[in-house]
Amino acid sequence: MLTLAMNGGMYHRDLSPVGLLIENGEERSKLIIRGGWGNFHLLPNGVFLVKDGRPQVMETRAFQRSGLQPDFATQSGPMLVIDGKIHPRFLPDSDSFKIRNGVGVDADGHLHLVISRVPVRFYDFALLFRDRLKTKNALYLDGTISSLYSPELDRRDRLFPIGPIISVSEIVPFR
């Protein structure tokens, strides 16, 4: 049973992913390591991955060097928190307020999928991951169009079509 779903990275007009996408160990879209225009290319960007049931967030070049072959992965950007530090391009007094969603994993291996209810700055969003959720690394997934499906929270956003999706489900036993 689906318990949560949110957009899991940036995508092109045809809803195909920008950057790496791996589903069930199969690479659907290649890793992008170059800079460019837009948030995705605000380096360093990163990869959210799951390998053997364990989630992880890594900076893109660290992922590339690691040689990991994840079961699931999505690339997005920019990184919010990199090795315990806020992304160097984020400004505490920025006037860019957007709905934002992101992912981080704390030291105990707990996954944190977060979406803001109101528009926030990158800097403040990164502070949440670093200081409150205690994630050493956290990745921005998307903004403005970010959507969440969570029956438990009675939230079923239908704002925009979305590309890559991160979903959480639970096994429902047969009776």
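Results, tabulated for the structure shown:
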item	result
Label point distance in nm, A107-K134, each placed 7 Å from Cα along Cα→Cβ	0.6
Zone of D124's modelled label, taken as backbone nitrogen in region 66-99 under 12 Å from a point 7 Å along Cα→Cβ	92-99
Under Karplus coefficients 6.51, -1.76 and 1.60, residue-wise ³J(HN,Hα) of region 127-134 in Hz, glycine/proline x	4, 4, 5, 6, 8, 9, 8, 6
In Hz, Karplus ³J(HN,Hα) per residue of region 53-66 (6.51, -1.76, 1.60; θ = phi - 60°; x = Gly, Pro)	x, 10, x, 7, 10, 9, 5, 3, 5, 5, 4, 4, 5, 5
Whole-Hz ³J(HN,Hα) from phi, Karplus 6.51 cos²θ - 1.76 cosθ + 1.60, for region 12-29, glycine and proline x	7, 4, 7, 6, 6, x, 8, x, 4, 9, 10, 10, 6, x, 9, 6, 9, 8
Förster radius 45 Å - calculated FRET efficiency between Q69 and S94, Cβ distance, rounded to 0.05	0.75
Neighbour net charge for G25 - beta-carbon separation under 12 angstrom, K R +1, D E -1	-3
Sites matching trypsin sites (Lys or Arg not before Pro) across region 57-113 that sit in DSSP coil, with at most 15 neighbouring C-beta atoms within 10 Å	R89
Potential lengthening between A62 and D154 on full extension [0.36 nm per residue; Cα-Cα distance subtracted]	29.4 nm
Electrostatic dipole magnitude of region 60-117 [Cβ: Lys, Arg +1; Asp, Glu -1; Cα centre; debye, to 20]	220
Gyration tensor verdict on region 1-114 (Cα atoms; rounded if a/c is under 1.5, prolate if a/b is larger than b/c, oblate otherwise)	rounded
Mean accessible surface per residue for region 1-136, computed with a 1.4 Å probe while every protein chain stays in place, in Å²	55
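The values are calculated or read from the model by the stated rules, or taken from the named source; none is laboratory data. Values in this document were obtained by computation on a predicted structure and should not be read as measured data. For neighbour counting, all protein chains shown are included, and Cβ atoms are generated from backbone atoms with ideal geometry for every residue, glycine included. Remember, those area values only see protein heavy atoms, side chains included, never the ligands or the DNA or RNA. Shrake-Rupley method; radii C 1.70, N 1.55, O 1.52, S 1.80 Å.
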